[in-house]
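The block underneath contains the structure these notes are about, expressed in structure tokens.
The values are calculated or read from the model by the stated rules, or taken from the named source; none is laboratory data. Just so it is clear, the structure is predicted and the values come from calculations on it, not from any experiment. Don't worry about glycine lacking a Cβ; one is built from the backbone with ideal geometry, like all the others, and counts go over all protein chains shown. The protein model used for the area step is the full one, side chains on, heavy atoms only, and it has no ligands, DNA or RNA in it. Shrake-Rupley method; radii C 1.70, N 1.55, O 1.52, S 1.80 Å.
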Amino acid sequence: MKLTKKTRAAYLVGLLLLLFNMSFSMDNGYNLWLNYSKIDDASLLETYRNQLQTVFVTDGGATMDVIKRELDRGLGGLLQQEVRFEPNPTFQNQLIVSRYAELGEDLRTLVDPADLTSEGYFIRTIENKKHRMVLITAQTDIGLLYGTFHFLRILQMHQALDGLQVMESPKVDIRMLNHWDNLDRTVERGYAGFSIWNWHTLPDYIDQRYIDYARANASIGINGTALTNVNANGLVLTPHYLEKVKALADVFRPYGLKVYLTARFSAPIEIGGLKTADPLDADVIQWWKDKTKEIYDLIPDFGGFLVKANSEGQPGPQNYGRTHLDGANLLADALKPHEGVVIWRAFVYSEHDDTDRAKQAYSEFVPDDGKYRDNVLIQVKNGPIDFQPREPFHPMFGAMPKTPLMMEFQITKEYLGFATHLVYLPKLFEEVLRSDTYQKGKGSTVAKVVDGSLNHKKVTGMAGVANIGTDANWTGHPFGQADWYGFGRLAWDPYLDSGTIAEEWLRCTFTNNENFVGPVKKMMLESREAVVNYMNPLGLHHMFDTGHHYGPGPWVDNLSRPEWNPVYYHKADDEGIGFDRTKTGSDALSQYAPELGEKFGNLETCPEEYLLWFHHLPWDYQLKNGRTLWDGLGIKYQQGVDQVGDMIKTWEDMKPFVDEYRHNQVSMLLGIQLKEAKWWRDACMLYFQTYSKMDFPKEMEKPENTLEHYKSLQFPFAPGIRPTWN
Ligand code: GCV
């Protein structure tokens, strides 16, 4: 068939439209929140194009090149025009990115460098006789990079440039991801594929992902990454692997991202050929000094060591009759000459200690407050047990005023539905950070402990256990990206509001359409309470099935260590349910400030969300709403299920605003979430009914299966842990 010119043109237009639609409906999420698609508001686009006709970026090293590349990509995409970089500032309708020291006198008077830390920045729109420009300035190149990403975010969010006055400095020094990535590329508690570190092809093959990983982290201010699992493998400290680590550090450096490694305490024996790893042994001390120097010779800005010791079978100083203090100070001394830090984890509980697990870390660390070297940070999980859907804050926060306590959040959802459930974690992080420890009177929030403002500030930090893997969209669930994003934003500023963060993420990732942003933000903010309701309501905790932690296992009672069994935590019996942590029980409450001891200890004032965390109560205990505890539990479980149902409805209405690919992904995942929410409700309520012997409340739907059915379920291949089967 011979095509006429007209038909050919029509085909071409059709093909272009098809391609456009395909790309629109095939967004696989790889670009994360760094989505620089064209500004779809025509008049705003015109205004931006006028205001940003050219760009001037100060000359410099690798970070300045990164800035230029990002502006080229960002402005090029958002404004859909070629970005014109000028060799000199014109000050007219120009974006200027310049170090503070290189600004002319007249511009310098407009910004006060005293307000800036080394990573901080100013963004200002300046309009006067001589200037008509947007200025990004900072003391350092990294500050300029952070300012550049912030500026691009302003455009992504369609905000006006007129009168722009931004001054930002991070409130926390070390803002890092902890990867629980093994050298064989499995990821402990990882649900988004395999480890992105391809140890086999490193150091010669630099995957584009490494660069995009660094970009994404820099865009939210993350400045550190511990590459390997805290359940560490000493091999990573051998020359063969250190060469690979160096290659990653070289990629990350221009983005301000420092590399840290997990140090296996027994490495001097395993890879050093010594007979002991005793922290007071002279050869061991020398071995760590030499090893540390070897690392710094390769990676001069190496961040330091992250250590899990004497916890869950990991080796540590206690194997030699020494203490955590001895172990941490040993490594601190080795790192000190190189300005590195030791991040020593407080996640410890002992198989020889039968006191309440919630109390053990405090008992081991608090007595040594003030004795740690000044380059030691103690990294404390947000709650005293283990990243549960809800826990009260860890009592160590505020209890060690002379020691920097670093926050550890879990971004990966080990206990919150893996990467299949939509649960917006910044809401959880915010709750913890805003909790009042009362350690120096009212207002002594966890955020103030973490940012060092409550006590003498030495070095401060916040870590998040990464949820990143080789999945196309990095995090498995498209909304898991919001948890990575939100963690970074809160590490930068622990006082940010989770709603603001959700809105930023939605606008940058999807669209600025208010009909999308409003309802989806609401859905995200409510999603955390939903998971608490359908998994662990009213203060219940750790009722997850054995090992893999996938799904409910409240009946599990046969694991070798008592505190690995869910029955240890809920203590359901014929009388009632809950863990008595008051004076009549484990007295864990005494580790909190007296104000909280009284508040949580008194049933009149204990918030219902912590009721069964602190109290063992009869099944017919009367809740504030007049219903029995038993009814209250059933109602909460049902509420959680209903909340997921509402999320599904909200998401269905969002079809017009989201590309088909991601819309479909989220719809399918919400379907799984609903199924699993019902599973949790039914399995837990049926099991507890064997003790309460009471009828389900009328508000609760009837269970879909029998208790025996739920007990019989097995998942030998559940992700996140190496599979085990018989
Ligand atoms: C890395 C929990 C997890 C473990 C994890 C541990 C930790 O127990 O289940 O997989 O190990 O916490 O934080 O060290």
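Overview of results
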item: Under the Karplus curve 6.51 cos²θ - 1.76 cosθ + 1.60, θ = phi - 60°, whole-Hz ³J(HN,Hα) for region 536-552, x wherever Gly or Pro sits; result: 9, x, 6, x, 5, 7, 6, 9, 8, 5, 3, x, 7, 6, 8, x, x
item: Theoretical gain in end-to-end length, GLU526 to ASP653 [0.36 nm per residue, Cα-Cα removed]; result: 44.0 nm
item: Two-decimal log10 I(q)/I(0) for the chain, as the Debye equation yields it once each C-alpha is a single scatterer, q = 0.07, 0.10, 0.11 Å⁻¹; result: -0.52, -1.04, -1.24
item: Sequence of LYS457, LYS675, LYS702 from largest to smallest accessible area, 1.4 Å probe; result: LYS702, LYS675, LYS457
item: Region 273-338 - percent of accessible surface contributed by carbon and sulfur, probe 1.4 Å; result: 49 percent
item: For ILE123, net neighbour charge (Lys/Arg +1, Asp/Glu -1) across residues whose Cβ lies under 15 Å away; result: -4
item: Per-pair calculated FRET efficiency, R0 = 30 Å: MET668 and ASN513 via Cβ, rounded to 0.05; result: 0.85
item: Percent of beta bridges antiparallel (DSSP, region 293-391, rounded to nearest 5); result: 0 percent
item: Cα-based shape type of region 121-246, given that a ≥ b ≥ c are square roots of the gyration tensor eigenvalues and the cut on a/c is 1.5; result: prolate
item: For region 563-609, the spread of Cα positions along each principal axis, largest first, Å; result: 31, 21, 19
item: Gain on full stretching of the segment that runs from THR47 to LEU110 - 0.36 nm per residue minus C-alpha separation; result: 20.3 nm
item: Residue list for region 55-83, given a label point 7 angstrom along the Cα-to-Cβ vector of THR90 and an amide N cut-off under 12 Å; result: 55-56
item: Modelled FRET efficiency - R0 22 Å, LEU559 with THR355, Cβ distances, 0.05 increments; result: 0.75
item: Dipole magnitude of region 178-325, debye to nearest 20 (Cβ charges: Lys/Arg +1, Asp/Glu -1, about Cα centre); result: 260 debye
item: Binned Cα-Cα distance frequencies in region 590-726 - 5 Å width, integer %; result: 2, 8, 13, 14, 13, 14, 13, 12, 7, 3, 0
item: Diffusion constant of region 659-705 at 10 °C, which comes from Stokes-Einstein with the Kirkwood Cα-pair radius and 1.306 mPa s, µm²/s; result: 127 µm²/s
item: Karplus-derived 3J(HN,Hα), 6.51/-1.76/1.60, for each residue of region 446-452, Hz, glycine and proline x; result: 4, 4, 6, 5, 5, 8, x
item: Kyte-Doolittle mean at least 0.5, axial Cα span of 15 Å or more - DSSP H helices of the chain; result: 5-25, 141-156, 324-335
item: Solvent accessible area, Å² - SER667, 1.4 Å probe, full protein context; result: 40 Å²
item: Convex hull projection area averaged over all views, region 374-413, Cα basis, nm²; result: 3.1 nm²
item: Accessible area per residue, Å², the chain with all protein chains present, probe 1.4 Å; result: 39 Å²
item: Cα-based convex hull volume of region 323-368 per residue, rounded to whole Å³; result: 74 Å³
item: Sequence-distant residues sharing a close amide H with LYS258 (under 5 Å, placed H); result: GLY224, THR225
item: Largest-first ordering by accessible area, 1.4 Å probe, given options GLU414, GLU598; result: GLU598, GLU414
item: Cα gyration tensor category, rounded, prolate or oblate, for region 467-577 with a/c compared to 1.5; result: prolate
item: ASP646-GLU339 FRET efficiency (beta carbon distance; Förster radius 45 Å; 0.05 resolution); result: 0.30
item: Share of pairwise Cα separations in region 397-475, more than 16 Å, in percent; result: 56 percent
item: Relative packing of 205-213, 295-303, which averages over residues the other C-beta atoms within 10 Å, highest first; result: 295-303, 205-213
item: 14 Å cut-off, amide nitrogen to a point 7 angstrom out along ASP574 Cα→Cβ, residues in region 604-644; result: 619
item: Rounded percent of accessible protein surface that carbon and sulfur make up, region 137-182, 1.4 Å probe; result: 46 percent
item: Tail weight of P(r) past 20 Å, computed on alpha-carbon pairs of region 99-160, percent; result: 26 percent
item: Label-point gap, in nm, between ASP283 and ARG69 - each point 7 angstrom along Cα→Cβ; result: 4.6 nm
item: Normalised alpha carbon radius of gyration of region 536-661 [divisor 2.2 N^0.38 Å]; result: 1.31
item: Expected-Rg normalisation [2.2 N^0.38 Å, Cα atoms] applied to region 422-462; result: 1.28
item: Coordinate range along principal axes, alpha carbons of region 278-337, Å, largest first; result: 33, 24, 15
item: Mean projected area in nm² (Cα convex hull; one quarter of hull surface) for region 429-485; result: 4.9 nm²
item: Cα-centred dipole magnitude for the chain, charges only on beta-carbon of K, R (+1) and D, E (-1), debye, nearest 20; result: 1500 debye
item: Antiparallel bridges, percent of DSSP beta bridges restricted to the chain (to nearest 5); result: 25 percent
item: Surface accessible to a 1.4 Å probe, ARG345 within the full protein complex, Å²; result: 0 Å²
